[in-house]
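Chemist: One structure coming up, written as structure tokens, with questions to follow.
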Amino acid sequence: MFGSLEWSIAARYLRARRQEGFISIIAWFSLVGIALGVATLIIVMSVMNGFRTELLDRVLGLNGHMVARGLEGPLTDFDPLAKALGSIEGVKIAAPLIEGQVMATANKQASGALVRGMWPDDLRARDIIADNLYSGSLADFKGKHNVVVGQRLARKLRLRVGDTITLVSPQGTVTAFGTVPRMKAYRIAATFMVGMYEYDSSFIYMPLPAAQIFFRLKGAVNGVEMFLHNPDDVHRLRPAIQQVPGVARLVDWQQVNSHFFQALQVERNVMFLILTLIILIAAFNIVSSLIMLVNDKSKAIAILRTMGASRGMVMRVFMICGTAIGIFGTMAGFALGMAFCLNIDGIRRWLESLTGTELWSPEIRFLSQIPAEVNNSEVISVVLMALALSFLATLYPAWRAARIDPVEALRYE
């Protein structure tokens, strides 16, 4: 371990006198640069992790991990099929499903929507809906005239629980006078808000018998939706599921959302590389500040050498100077980054109220709040990387200080 004399000399060099103030300012800039680099990297990586987790939870919370479909048309013997699929080890839930695009109208407003027909008990077992009801109750989700809609869709159409929403199917009814649009009015039993704009503004849940009537799928469904205990088991369970009679096609969440989550991963990796450059630049600032400090203290170094200080001692003095800047900067950046991540949405709201602008639009970002998920291993990696770069930045200036010749340095004294 470094001696107390080396620590005291290093501390004295970092507290520059008035005539040496410029060097001290550069050292402070290096410290601030390290802190901002570490904080920015922690914040961005946490937001990217939160983004992926939130999207994954919401996408897989509303849409099944796998969907079994018929070869060319609807599935007719769907209840026994759902029971057989639900009995496979690793499958948590298997529920019949009807999906169809509609146009929803009310109060002279119209909007596109996706209707999902389900058994009432299956919807009540869907935690992401049951735990995020905005108004109404799922107890009223029954019969052939009640639906549950996203709160943003209800707000857009100026509807509340108990009001009537009219659904128009793109597949009309053929009559002697041509094709007539198929329309039916439903009562809103409840509204939900899961926090993802796409779902809150376009999803409508309908009891399965009502959906069969509306979409003219008497005694049939579009598919059987499955939730697995582990979403990453889709490839492992695929062979067992395909052996169940009645399963013609299987579509899993990785196939449907592969490009989306791959794009998030690529963006995350690129952001890590780009933001690492901030820490690297701050490390170069440490190099430049220490070189200037070495040049300024060359005569003091020569005096230390003539008094018996070894080259190793001189080298350690300047390694302490640079490492201290790196350590304090890294710790400050760690504290700033963690504080920002823990209060990121409150900071966002404060900035919006201060500037009067919308910084996080749910229509663009899909999520109503900024997510942040701190990954401990990533934070440790960032801190260790910053400390390592700071330490490496001290080696050349410290070596240069140790190589100063006392005779040459004191010749013109």
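Chemist: Taking a ≥ b ≥ c as the square roots of the eigenvalues of the Cα gyration tensor of segment 151-276, is the shape rounded (a/c under 1.5), prolate (a/b larger than b/c) or oblate?
Modeler: oblate
Chemist: Report, in deg cm²/dmol and to the nearest 500, the calculated mean residue ellipticity at 222 nm for the chain, where each DSSP H run with n ≥ 4 adds -39500 (n - 2.57) and the sum is divided by the residue count.
Modeler: Taking each H run of at least 4 residues, the total per residue is -18000 deg cm²/dmol.
Chemist: Can you list residues whose amide H is under 5 Å from VAL194's amide H, if they're 5+ apart or on another chain and H is modeled 1.01 Å from N?
Modeler: Residues meeting the criterion, in which the H sits 1.01 Å from N, are ASP200.
Chemist: Cα-Cα over 27 Å: which of LYS92/LYS142; LYS92/LYS184; LYS83/LYS184; LYS92/LYS156?
Modeler: Too far apart for the 27 Å limit: LYS92/LYS184; LYS83/LYS184; LYS92/LYS156.
Chemist: Moving on. Quick one: order GLU6, GLU89, GLU225 by neighbouring beta-carbon count within 10 Å, fewest to most.
Modeler: GLU89, GLU6, GLU225
Chemist: Sorted from largest down, what three extents in whole angstroms do the Cα atoms of segment 235-344 have along their principal axes?
Modeler: Over segment 235-344, Cα extents along the principal axes are 91, 31, 21 Å.
Chemist: Quick check: pseudo-label points 7 Å beyond the Cα along Cα→Cβ at GLU267 and ARG349, how many nm apart are they?
Modeler: For GLU267 paired with ARG349, the spin-label model returns 2.5 nm.
Chemist: Quick check: from the Cα gyration tensor, does segment 65-110 come out rounded (a/c under 1.5), prolate or oblate? List each step's numbers first, then the result.
Modeler: Values: a/c = 3.47, a/b = 2.26, b/c = 1.54.
Since a/c reaches 1.5 and a/b is larger than b/c, the shape of segment 65-110 is classed as prolate.
Chemist: Here is a follow-up. Can you work out the FRET efficiency for the pair ARG236 and ILE274, with r the C-beta to C-beta distance and R0 = 35 Å, to the nearest 0.05?
Modeler: FRET efficiency, ARG236 to ILE274: 0.45.
Chemist: So which trypsin sites (Lys or Arg not before Pro) in segment 78-153 pass both tests, a DSSP loop state and at most 12 other Cβ atoms within 10 Å of the Cβ?
Modeler: Answer by residue number: LYS108.
Chemist: To continue, here is another question. Find which of ALA388, VAL115, TRP350 sits farthest along the positive direction of the dipole of the chain, computed with +1 on the beta-carbon of Lys and Arg, -1 on that of Asp and Glu, about the Cα centre.
Modeler: TRP350
Chemist: Now, a different point. Any chance you could run the full-extension gain for ALA335 through ILE380? It's 0.36 nm times the residue separation minus the Cα-Cα distance, nm to one decimal.
Modeler: Working: separation 45, 0.36 × 45 = 16.20 nm, distance 1.26 nm.
14.9 nm is the gain from fully extending ALA335 to ILE380.
Chemist: In nanometres, what is the gap between the two model label sites at VAL251 and ASP131, each 7 Å from Cα along Cα-to-Cβ?
Modeler: My value for the distance between the label points is 2.7 nm.
Chemist: Now, a different point. With the chain treated as a Gaussian network of Cα nodes joined by springs under 10 Å, which of ILE128, ILE98, ILE88 yields the largest mean-square fluctuation?
Modeler: ILE88
Chemist: Counting other beta carbons within 10 Å of each residue's own, what order do TYR134, TYR205 fall into, fewest first?
Modeler: Fewest-to-most Cβ neighbours within 10 Å comes out as TYR134, TYR205.
Chemist: Also, quick follow-up: Using a simple spin-label model with points 7 Å from Cα along the Cα→Cβ vector, what separation in nm is obtained for ASP405 and ALA300?
Modeler: A separation of 2.4 nm, rounded to one decimal place.
Chemist: Could you give the size of the charge dipole of the chain about its Cα centre, using +1 on the Cβ of each K and R and -1 on the Cβ of each D and E, expressed in debye and rounded to the nearest 20? Spell out each step's value before the answer.
Modeler: Working: 40 positive and 32 negative charges, 134 e Å.
With only Lys, Arg, Asp and Glu charged at Cβ, the dipole is about 640 debye.
Chemist: Would the chain count as rounded, prolate or oblate if I go by the C-alpha gyration tensor, calling it rounded below 1.5 in a/c and otherwise prolate when a/b exceeds b/c, oblate otherwise?
Modeler: It comes out prolate by the Cα gyration axes.
Chemist: On to the next question. Determine, for CYS341, CYS321, the number of other Cβ atoms within 10 Å of each Cβ, and report the residues in order from fewest to most.
Modeler: Numbers: CYS341 22, CYS321 26.
So the ranking, lowest neighbour count to highest, is CYS341, CYS321.
Chemist: What relative contact order, as a whole-number percentage, does the chain give when Cα pairs under 8 Å and 6 or more residues apart are counted?
Modeler: 28 percent
Chemist: Can you compute the label reach from ASP77? Point 7 Å from Cα along the Cβ direction, backbone N cut-off under 13 Å, restricted to segment 223-246.
Modeler: Under 13 Å, as judged by backbone N against the label point of ASP77, lie 244-246 of segment 223-246.
Chemist: Could you tell me the center-to-center distance, by alpha carbons, between segment 181-222 and segment 310-355 in angstrom?
Modeler: Cα centres, segment 181-222 to segment 310-355: 52 Å.
Each reported figure results from applying straightforward, stated rules to the coordinates on display, with no laboratory input. Bear in mind the structure is a predicted one, so any value in this text is a computation, not a measurement. Here the Cβ is made from the backbone with ideal geometry for all residues, glycine too, and neighbour counts use every protein chain on show.
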